[in-house]
Amino acid sequence: MGRFENKVVLVTGGNRNTGLDIVEKFMREGARVFLCGSSSASTAAGVEKLRARGLDGFTAQACDVGNIAEVTALFDLIEREAGRLDILVNNAADQGIGLGGPLEMDPESILKVMNTNVKGGFQVTQTACNRFFMKQGTRGVVVFLSSNTAMRAIRGRTAYCASKGAINSMVRALALDLAPIGIRVNACAPGYIYTERWDALDESVKARRRLNCPLRREAKGSDIANVVAFLASEESGNMTGEIVTCDAGCSCQHMPEDVDR
Ligand SMILES: NC(=O)c1ccc[n+]([C@@H]2O[C@H](COP(=O)([O-])OP(=O)(O)OC[C@H]3O[C@@H](n4cnc5c(N)ncnc54)[C@H](OP(=O)(O)O)[C@@H]3O)[C@@H](O)[C@H]2O)c1
């Protein structure tokens, strides 16, 4: 019997890259999974990819997590089809790529990234708690996808780094307030993950990135899915408010090996 048999799981941004691997992990371990992408087209594309992996029996509906009307509609669907929710994975993210450097970027672009990553994650969590967790004896579990860039910034991504720092603080604050009512909130903070974006990279860039990592490798989506599943399972039943880094050792070093000589 799988760890998530009889569990209902929602994975936001479950339609591509790491989100797909998180959906697959929960499904292979017995969960009934709901997922969303931000648009109908991207969500439908995710459905095709999951079917190509031999997966079926999940439910997908487009939902912009920053839009409360769309969030409410997604939870209406979960209510109709499953009648409960046990695990929420806040994976959806605006990467904030191409916004420009801090001297020229439009300050409004910070709000756009925050709307998805921070407000979106918050309002999906709040809705999950009020619509389901508070009414269920077994309550529920929340896992956020943070990033090691919350702790060590990367260049040209002010809005994204700020949003992931806010997520870390929000995870601790939510954990504190929700612990007395039996709801756990934790985060996985990945470093490099191999996604479709890596396919376009030159091999020398991939090699340089790997050299940045003490373990000399990036994560596969399944590495991240394993951590998320652990944080969602009873195996982590004594943990809340934690940010679990999964970055091949990047964050524990001062300099990459080739510089540190
Ligand atoms: N990739 C990395 O190296 C890395 C490193 C550290 C942390 N992370 C974090 O790990 C998680 C997964 O990363 P990833 O690289 O696999 O993500 P990704 O490829 O950028 O995909 C982002 C996902 O979020 C969805 N999304 C974006 N805005 C949304 C919105 N407003 N409402 C609903 N869904 C929305 C996207 O849906 P659409 O397809 O509709 O756009 C997509 O499914 C993210 O939280 C990311 O920040 C990633």
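Numbers at a glance
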item: Relative contact order (%) - criterion: Cα under 8 Å, at least six apart; region: the range 115-261; result: 27
item: Relative contact order of the chain, defined on C-alpha pairs under 8 angstrom at six or more residues apart (%); result: 19
item: Sparse-neighbour loop sites [trypsin sites (Lys or Arg not before Pro); the range 34-66; at most 15 other C-beta within 10 Å; DSSP]; result: ARG53
item: Amide H contacts under 5 Å for PHE144, placed H, 5+ residues apart; result: ASN90, ASN186, ALA187, CYS188
item: Extension gain, LYS220 back to SER169 (0.36 nm per residue minus Cα-Cα distance, nm); result: 15.8 nm
item: The chain: Cys lacking any partner C-beta under 4.7 angstrom; result: CYS129, CYS161, CYS188, CYS213, CYS246, CYS250, CYS252
item: Structure-based [θ]222 nm, the chain - -39500 (n - 2.57) summed over DSSP H runs of at least 4, per residue, nearest 500; result: -12000 deg cm²/dmol
item: For the chain, diffusion coefficient by Stokes-Einstein and Kirkwood Rh (Cα), 10 °C, 1.306 mPa s, µm²/s; result: 85
item: Span-rule helices in the chain, defined as complete DSSP H runs reaching 24 Å or more along the axis (Cα) with Kyte mean at least -1.0; result: 158-178
item: Rg ratio (alpha-carbon, reference 2.2 N^0.38 Å) - the range 28-76; result: 1.19
item: Spacing of the two label points (7 Å from each Cα toward its C-beta) at TRP198 and LEU211, in nm; result: 1.8
item: About the Cα centre, charge dipole magnitude for the chain (Lys/Arg +1, Asp/Glu -1 at Cβ), debye; result: 280
item: Net charge dipole size for the range 1-111 [Lys, Arg +1 and Asp, Glu -1 on Cβ; Debye, nearest 20]; result: 620
item: Shape category assigned to the range 111-171 from the gyration tensor of Cα positions, a/c cut at 1.5; result: prolate
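Any read-out appearing in this document is the output of simple, stated calculations on the displayed coordinates, not a laboratory observation. What you see is a predicted model, and the numbers here were worked out from it, not measured in a lab. Note that each Cβ is placed from the backbone with ideal geometry, even for glycine, and that neighbours are counted across all protein chains shown.
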